[in-house]
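Contents: one structure, followed by commentary.
The values are calculated or read from the model by the stated rules, or taken from the named source; none is laboratory data. What you see is a predicted model, and the numbers here were worked out from it, not measured in a lab. Cβ sites come from the backbone with ideal geometry, for glycine too, and all protein chains shown count toward neighbours. Protein only, heavy atoms only, side chains kept; ligands, DNA and RNA dropped before computing areas. Shrake-Rupley method; radii C 1.70, N 1.55, O 1.52, S 1.80 Å.
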Amino acid sequence: MSSSPQESRSIDHFFSAPSGRTDRWRDLHAVARSWVKGDQNRGVVEAALQELGAIEEFYAFPGHELIAALRDRLQNDDANSFLSLAKRISLAIITGNHKHDAKEWQALDLSLPESADVIPSSIGEAAAHRPYFELLAVTPAPAGRWPHMAAEFRRLRRAEDAFIYEAVLVGSLEDAVCAAILNPDIAAVAIYEGFALKSRHDAPLLRSVLATQQPLLDKADEADLALRLAAGLKSIRPELDIYLLSDRRVEKLAGDPRAAMIRRVMYQIEEPLELHLSVLEGINARYETPFFNNLKLYAQRPIATFHALPIARGKSVFRSPWIRDMGQFYGINLFLAESSATTGGLDSLLEPTGNIKRAQDMAARAFGADHVFFVTNGTSTSNKMVLQALIAPGDIVILDRNCHKSHHYGLVLNGAQPFYVEAFPMTEFSMYGAVPLRTIKKALLDLRAEGRLDRVKMVDLTNCTFDGHIYNTRRVMEECLAIKPDLIFLWDEAWFGFARWSPFLRPRTGMGAAADIEAWTQEPGALAQHERQRKELGANPTLETLLDTRLVPDPRAIRLRVYQTNSTHKSMSAIRQGSMVLVRDVDFHKVEAQFHEAVFTHASTSPNQQLIASLDVARRQMELEGYGLVMNAIEIALDIRREINAHPLISKYFSIVGADGMVPKAYRTSGFVDFLAPGTRWDDQLRSMREDEFCLDPTRMTLVCGTAAFDGTAFKGLLASEYNVQVNKTSRNSVLLQSNINNTRSDVALLISVLLKISQSIETRLKQGGDAEQQAFDARVKSLMKDVPDLPNFSHFHEAFRQDAGDTTPEGDIRTAFFAAYSEEQCEYLPIHGPECDRRLKDGPEMVSANFVIPYPPGFPIMVPGQVITLETITFMRKLDVKEIHGYEKARGLKLLKADALASKKTSHHEPSRKKSRAA
């Protein structure tokens, strides 16, 4: 993906930063080759060199010396030397060789052969290396002194330093912001007071975003501007260590509450070595992995094991003639690091007090939480832990009916009553989106009207959804808290853990929004904003008024209680089933004991040590390079979207649904259309993320295959069996592609080539098959794309399971319904295609589901225990053409609760209902 001339002249085009830069260097290398061959003149090479643009100043490599050497060779008409150096720089940038090979920084000709290996030596590399990062130095010094300052930083290196870095020097606030956004290798920032506000380069988009802060920035003194820059950089990349250097009263500056985000305030005249050591110490604080480090030490010790884990130390494996191949496959360290012990340098996951506790505390820092708990049974378990810890029998939970089954089963286990709310339907793809805020508010207001708001404990939603719909988490929580200030929020972010490391996506995470709300409550104008709205609404606003108004909570009354579950293994470098529970709850001290009870209930007493270690390491990676990895994953996704939708043949049969196809216009009030819509800029995306009710995660791509006459399941199988391409979930006429931190541009190339081959095979088949083949193809496409069944909504719970429910609200006792099915004599089976099913729908008695019925796709429960089955649901099931339906036996039919069993449930009262007790 190459950049336009305008993009190269501006320094604030952030969408195409990573590959745009490498492509420009490749272009320079290509025209230099043509210059050597005589196919191009020097002017073309000069233009390509100019095309690199000012953004090269934001990277330490190639740096001033190598860029100057390139220009000298160009001016001297030395085409061969220019080509040699341009090629070396280009390859070093692509492979990252400059991070561990000092020779790459030298201007002398290293005679790199045309066939040089461009694969970075990382797999199986035995030699020790020092991780490389870059230090951003924001300085008032003139640009002419910057090479000298960079050399000064270089001279501070010592052989015993654990890490190695190069300095990137800039002279303004705008340049500092652009450098931090564009250069993912920047891991620390040193701010020297006295720098300028504006860049000498063109940055129109950035200036439009900063426009609201411009009056404050113009009036700020040096110290104030430095603190504002520090705050701005932290809001973009919270993982960065920031150091502030001043030649004035550093003691007073260090005591400023706004300096809390700064790792250290230093006197500018002090020994530079102090800054150097501080920077390395800060990196080491993120690099440290307490549990993984101790596990490695444990594996090196000679230990005799007399506990119940024969596989520990590997003797039973490597001494066996029958299973030795497993040891050879996995390697000795896996077995040396296995143990069921929690002492001797290890720790207990159930009650950590040592290195697991430290690892969890470091994860809390990284994810912006107060507490983090590692979970080794997947986010299914994480969700059930949170629900058990916080929800009691009879409590009401507002729940997305289309959420993961662990939430439904969690409510079965703790006896809470689900109040199901419906997401907006996407009937054409047989999938649901997310739950509109209006629907959630109405549920709360209806419960308040019933006098049951006190029973509502939690709002439980999936963010982002399987298909990529992202809630406006801050707005959802603020408006719900305006109705009930002590609501608990559980955000299932199984697919969204990586979002912490994207400045665009972070505010839409549970933890990111909680931090923003917490900051808002401390603002001087927050209470006035609430009081003003309360006065405008009056004493008794109507339901419609409240639904139409963006409600402002009372900052004095808010009890901010936010839980977020992450499938760390789904988007970070953790082993399968690695999950985390993130907590930001002002009342956690009141529920901590019961939270630990939930951990004891659901967590294994034999957790896998390697899995725990991978959670520790995943945190380290994301804190040190997560920003760049996520930036690359997003760009990979944009590349896939662009290449598929623009290809003349592939787009004839396949397409990626844009944001406008996934999020209805009513929920995109910013006017944002799609990432690739003509004229779309990063500030448009930023505005959408701030304002729109729903946004689309760009890394989740719905690939429509029904237009190629494939249903999702068949197409997924074809890709896996014939082309070695694995995809995520399926729908009736689509498959879900997901880019992540593991993907490369080579993966994109493979995917495009596979889709091209399939498209070509369709073309060939249609040409050779004549009219009959074309008619069959068109009929199949129509069936998949047009003849789609309407998606069924949740109907209602049977009255037998609503003895403790509101008169007009739909919550029900799912637990009693679930366990009623354990008595076989209370159950019956009914085929959905027989006449008896039609008769029951028409004449009764009502059919009531005895269990969960979950077809894949779409993967959500179309029936839950105790739900009355309607014609809408039966029609949907009859039109389903999927092979996998959990909870349904095709040979026997639907499992139902018998009518007489329901009657007995309705008339039996084992305990007085809360509703009736309150009325009495």
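Flag: Glu166 does not match the condition of being within 24 Å of Val250 (Cα to Cα) and of a type outside the set (A, V, I, L, M, F, W, C). In the set (1) more than 43 Å from the chain's Cα centre (by Cα); (2) part of a strand (DSSP E or B), the condition left unmet by Tyr829 is number (1). Would you confirm whether any residue within the range 469-480 is open to solvent by 20 Å² or more (accessible area, probe 1.4 Å), out of contact with any Pro (no Cβ under 7 Å at 6 or more places or on another chain) and part of a loop (DSSP other than H, G, I, E, B)? No, there is no match, as no residue in the range 469-480 is open to solvent by 20 Å² or more (accessible area, probe 1.4 Å), out of contact with any Pro (no Cβ under 7 Å at 6 or more places or on another chain) and part of a loop (DSSP other than H, G, I, E, B). For Pro524, the criteria (1) modelled with pLDDT of 95 or more; (2) open to solvent by 50 Å² or more (accessible area, probe 1.4 Å); (3) in a loop (DSSP other than H, G, I, E, B) hold in every case but one, which is (1).
With respect to Val748, is the statement that it is assigned to a helix (DSSP H, G or I) and β-branched (Val, Ile, Thr) true?
yes
Identify, from the list Glu597, Glu592, Glu635, Glu544, the residue that is modelled with pLDDT under 95 and over 29 Å from Leu336 (Cβ atoms). Spell out the reasoning first.
Numbers: Glu597 fails: modelled with pLDDT under 95; Glu592 fails: modelled with pLDDT under 95; Glu544 fails: modelled with pLDDT under 95.
Criteria check complete, one pass: Glu635.
The condition (being in contact (Cβ under 8 Å) with a residue 60 or more places away in the chain and open to solvent by less than 20 Å² (accessible area, probe 1.4 Å)) is satisfied by just one residue among Asp175, Asp185: Asp175. I'd like to check something: does the range 881-895 contain any residue that is open to solvent by less than 50 Å² (accessible area, probe 1.4 Å), farther than 30 Å from Asp467 by Cβ, at pLDDT below 90 and of a type in the set (A, V, I, L, M)? The answer is no; no qualifying residue exists.
Output yes when any residue across the range 834-847 is touching a residue at least 24 places away in the same chain (Cβ under 8 Å) and in contact with a Gly (Cβ under 9 Å, 6 or more places away or on another chain), and no when none is.
yes
Results for (1) part of a loop (DSSP other than H, G, I, E, B); (2) aliphatic (A, V, I, L, M), shown as yes or no for each residue.
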{"site": "Leu227", "(1), (2)": "no, yes"}
{"site": "Lys234", "(1), (2)": "no, no"}
{"site": "Pro238", "(1), (2)": "yes, no"}
{"site": "Tyr243", "(1), (2)": "no, no"}
{"site": "Met266", "(1), (2)": "no, yes"}
{"site": "Leu277", "(1), (2)": "no, yes"}
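Write out, first by first residue and then by second, each pair whose Cβ atoms fall under 9 Å of each other, whose residues are 6+ apart or on separate chains, and whose first residue, in the range 618-633, is part of a helix (DSSP H, G or I) while the second is modelled with pLDDT under 95 and among the aromatic types (Phe, Trp, Tyr). Every condition considered, the pairs that remain are Met631/Phe14.
Within the range 598-608, the set of residues being in a helix (DSSP H, G or I), surrounded by 13 or more Cβ atoms within 10 Å (Cβ to Cβ) and out of contact with any Ser or Thr (no Cβ under 6 Å at 6 or more places or on another chain) comprises Ala598, Val599, Thr601. Among the residues of the range 224-263, those identified as among the small types (Gly, Ala, Ser), closer than 19 Å to Lys198 by Cβ and either out of contact with any Ser or Thr (no Cβ under 8 Å at 6 or more places or on another chain) or surrounded by fewer than 20 Cβ atoms within 10 Å (Cβ to Cβ) (or both) are Ala230, Ala231, Gly232. The set of residues from the range 152-196 being of a type in the set (Gly, Ala, Ser), modelled with pLDDT under 95 and not in a loop (DSSP other than H, G, I, E, B) comprises Ser172, Ala176, Ala179, Ala180, Ala196.
Just checking, which of Leu350, Leu399, Leu336, Leu411 is without any contact (Cβ under 8 Å) to a residue 60 or more places away in the chain and out of contact with any Gly (no Cβ under 6 Å at 6 or more places or on another chain)?
Checking each option against the conditions leaves just Leu336.
Taking the condition in contact (Cβ under 8 Å) with a residue 24 or more places away in the chain, assigned to a loop (DSSP other than H, G, I, E, B) and open to solvent by 10 Å² or more (accessible area, probe 1.4 Å), does Arg559 pass? Yes: the conditions hold for Arg559. Every test in (1) part of a loop (DSSP other than H, G, I, E, B); (2) touching a strand residue (DSSP E or B) at 6+ places or on another chain (Cβ under 7 Å); (3) open to solvent by less than 10 Å² (accessible area, probe 1.4 Å) is passed by His407 save one, and that test is (1).
Considering the range 680-731 alone, what residues qualify as being more than 19 Å from Arg642 (Cα to Cα), polar (S, T, N, Q) and open to solvent by 10 Å² or more (accessible area, probe 1.4 Å)? Within the range 680-731, Thr713, Ser721, Asn724, Gln726, Asn728, Thr730 meet the criteria. Residue pairs whose Cβ atoms lie under 8 Å apart, separated by 6 or more positions or on different chains, with the first residue in the range 877-905 and over 19 Å from Phe818 (Cβ atoms) and the second in a helix (DSSP H, G or I) and open to solvent by 30 Å² or more (accessible area, probe 1.4 Å), are Val882/Thr713; Lys883/Thr713. For the range 734-753, a tally of residues being under 19 Å from Ser573 (Cβ atoms) and touching a Gly at 6+ places or on another chain (Cβ under 8 Å) returns 1.
Could you tell me whether any residue of the range 637-652 is under 21 Å from the mean Cα position of the chain (by Cα), surrounded by 20 or more Cβ atoms within 10 Å (Cβ to Cβ), closer than 26 Å to Asn383 by Cβ and not β-branched (Val, Ile, Thr)? Looking for residues that are under 21 Å from the mean Cα position of the chain (by Cα), surrounded by 20 or more Cβ atoms within 10 Å (Cβ to Cβ), closer than 26 Å to Asn383 by Cβ and not β-branched (Val, Ile, Thr), one finds none in the range 637-652, hence no. Any idea which residue in the range 12-39 is most open to solvent (accessible area, probe 1.4 Å), counting only those that are acidic (Asp, Glu) and either more than 20 Å from Thr680 (Cα to Cα) or modelled with pLDDT of 95 or more (or both)? Looking at the filtered set, the residue picked out is Asp39. Filter the range 283-329 down to the residues that are of a type in the set (A, V, I, L, M) and open to solvent by 50 Å² or more (accessible area, probe 1.4 Å) and list them by number. Scanning the range 283-329 gives Leu297, Ala304, Ala308, Ile311, Ile323, Met326. What about Asp446, is it in contact with a helix residue (DSSP H, G or I) (Cβ under 9 Å, 6 or more places away or on another chain), part of a loop (DSSP other than H, G, I, E, B) and either under 30 Å from Arg732 (Cβ atoms) or open to solvent by 10 Å² or more (accessible area, probe 1.4 Å) (or both)? So Asp446 does not fit the description; no.
How many of the residues in the range 667-713 are at pLDDT 95 or above, under 23 Å from Leu756 (Cβ atoms) and part of a helix (DSSP H, G or I)? Residues flagged as at pLDDT 95 or above, under 23 Å from Leu756 (Cβ atoms) and part of a helix (DSSP H, G or I) within the range 667-713 amount to 3.
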